Amino acid sequence: MTKVLFQRARLTPRRPLQSVLIDTDRVAEIGATMGPVDVSEVIDLGGRYLLRGLWDRHVHFDQWAQVAARLDLSVATSALAAAGLVAAHARARQPNLRAPIVGYGFRDALWPDAPDRGLLDSVAEAVPVVLISADLHSAWLNSAALRRFGHAELTAGLLREDAAMQVISEVGKVSDDTADAWCRSASRTAASRGVVGVVDMEKPGPLEAWRRRMAGGDRLLRVAASVWPERLDAAIAGRLHTGDVIAGTSGLLTVGPMKVIIDGSLNTRTAWCHDAYAPPAEGVDEHGMLLVPADELAALMLRARDAGFECAVHAIGDRANAIALDAFAGTGARGSIEHAQLLDDADVIRFAQTSVGASVQPEHALDDRDIADRFWGGRTRRAFAFRALLDAGARLSFGSDAPVAPLDPWLGIAAAVHRSRDARPPWHPEQEITVAEALAASMVPTRRDPALRSGDAADLIVVDGDPFADAPSALRSMPVAATMVGGSWTHRARI
């Protein structure tokens, strides 16, 4: 059994330095002083912060792990500029390579020109090109890719929602060995940023992949693996339920919620809203897209509830969030609304009334502020409404939606606290929350107080900075000295 004694640990800004005893996988004791104990290691933190470990409550882990292998389109400010990046990449590739060119990260909502298949054909006609939007809700293809993936009839070459996600899934298929190696590297990076656990929303369900990875020794993170509707029947047949611990994984792998997407995204202008987009996306209803009708959603959630599953419902537009809240209230299902980006004032309090968690991604507020000002003009005071949700008594939990934003909780914490990451003034500072509240929303169990308590899991981090006092830029790059999961080190750099 592992016993570690931390001495002179800072747990909160105002509390005196403490000693913390870790016994196997729990926090056994906390005190200002501690008598002689038989331990395997004594670590003097010298006043550094010892905090509960951080969680990312919404990731697409395989997609995130693949980002480094894809052409970065995040800097493109137009369709023409994106095509130029593809052209340069095509010239640099091996001449005979016929594998698809896959790019990721474009945001076209504010581009002065539109994605077009002909533009991509002009720079890379011989090989398929698939460019994936930053929000994962659209994909831009050239003619060769449209033919390859069964959409040759499309004129523009821009796929949205289900059609886009099908192509994204196809180009993301690699061997298990390759996927596992990429995910192992991504796990190490996450651990180095203080991440102890993730809720993996990868479609259609990542449970078996993580079972395989953990059997192979990849045990750096706790993982709650979601189940999508197309695999719900199999999960029920296997007598799985949300929260079940998967045998042979040292308690690190559990069954997560049933995940369902009921609307689109802001950048793609498919988030389902009460007010019309001006202009709407080509070929899309002016209010966005409702992907699952209300009656079908209620029936699905009722089936999940009766089978012992919590529900994670993707809803971004205010109209979609109202439908999701109605479904939770009508079915009695437990769980969360994922994203909850635009909310009616009357719906904010319903999160607390229905005990539905608001699973939000604060970094999206900074990524989307200009797009929101353009397409949700006059309504952005109720966009990314973190302060309003907390004040209403809602349960707030943070994630990244990686790869939509990097899998780094400190970015989300800083975004929620400061509502800016550059020289511009904070965006709707009335929705700022405190560092303590942002840290708590990034921890499990979610509670208003982020401080460590006796009996907590030994999922801990040591940081070199002061998250309660450092400047915004320092908070975003908070140095993590060490990370521990279940009493075992997953990252240890400076202790």
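The values are calculated or read from the model by the stated rules, or taken from the named source; none is laboratory data. Predicted, not measured: the structure shown is a model, and the values here were computed from it. Cβ placement follows ideal geometry from the backbone for every residue including glycine, while neighbour counts extend to all protein chains displayed. Ligands, DNA and RNA are stripped out before the accessible areas are found, and what is left, the full protein with its side chains, is counted by its heavy atoms. Shrake-Rupley method; radii C 1.70, N 1.55, O 1.52, S 1.80 Å.
Worth pointing out:
- Theoretical gain in end-to-end length, ASP285 to LYS173 [0.36 nm per residue, Cα-Cα removed]: 37.2 nm
- When you filter the trypsin sites (Lys or Arg not before Pro) in region 217-303 for DSSP loop state and at most 15 other Cβ atoms inside 10 Å of their Cβ, you are left with ARG239.
- FRET E, pair GLU41, ALA471, Förster distance 30 Å, beta-carbon r, rounded to 0.05: 0.35
- Relative contact order %, the chain, counting alpha carbon pairs below 8 Å whose residues are six or more apart: 17 percent
- Accessible surface of region 127-227, 1.4 Å probe, proportion on carbon and sulfur as whole %: 50 percent
- Globularity index of region 54-199 is 1.08 (Cα radius of gyration / 2.2 N^0.38 Å, N = number of residues).
- Protein accessible area in region 58-115, 1.4 Å probe - carbon and sulfur %: 58 percent
- Amide H within-cut-off set for ASP44, under 5 Å, with H built and near neighbours excluded: GLN7
- Among the GluC sites (Glu not before Pro) found in region 136-220, those both in a DSSP coil and sparsely packed, with 12 or fewer other Cβ atoms within 10 Å of their Cβ, are GLU153.
- Spacing of the modelled spin labels on VAL127 and ARG26, each 7 Å from Cα toward Cβ, amounts to 5.6 nm.
- Accessible area in square angstrom per residue, the chain, 1.4 angstrom probe: 39 Å²
- Pairwise FRET efficiency - ILE495 versus ARG448, Cβ, R0 = 35 Å, nearest 0.05: 0.80
- Helix-only [θ]222 nm of the chain, DSSP H runs n ≥ 4, -39500 (n - 2.57) each, per residue, nearest 500: -9000 deg cm²/dmol
- Cβ-based charge dipole, region 250-408, positive-most Cα from LEU253, ALA312, ILE323: LEU253
- Cleavage-rule hits, GluC sites (Glu not before Pro), region 260-307, DSSP coil, Cβ neighbours within 10 Å at most 16: GLU282, GLU286
- Spherically averaged projected area of the convex hull of Cα atoms, region 314-383: 4.4 nm².
- Set of lysines with alpha-carbon distance to LYS173 below 20 Å, sequence-local pairs under 8 removed: LYS203
- Region 339-495 - percent relative contact order, Cα under 8 Å, separation 6 or more: 19 percent
- Distance (nanometres) between label positions extended 7 Å along Cα→Cβ at ALA152 and ARG188: 4.5 nm
- Relative contact order of region 114-240, pairs being alpha-carbon contacts under 8 Å that are 6 or more residues apart, as %: 17 percent
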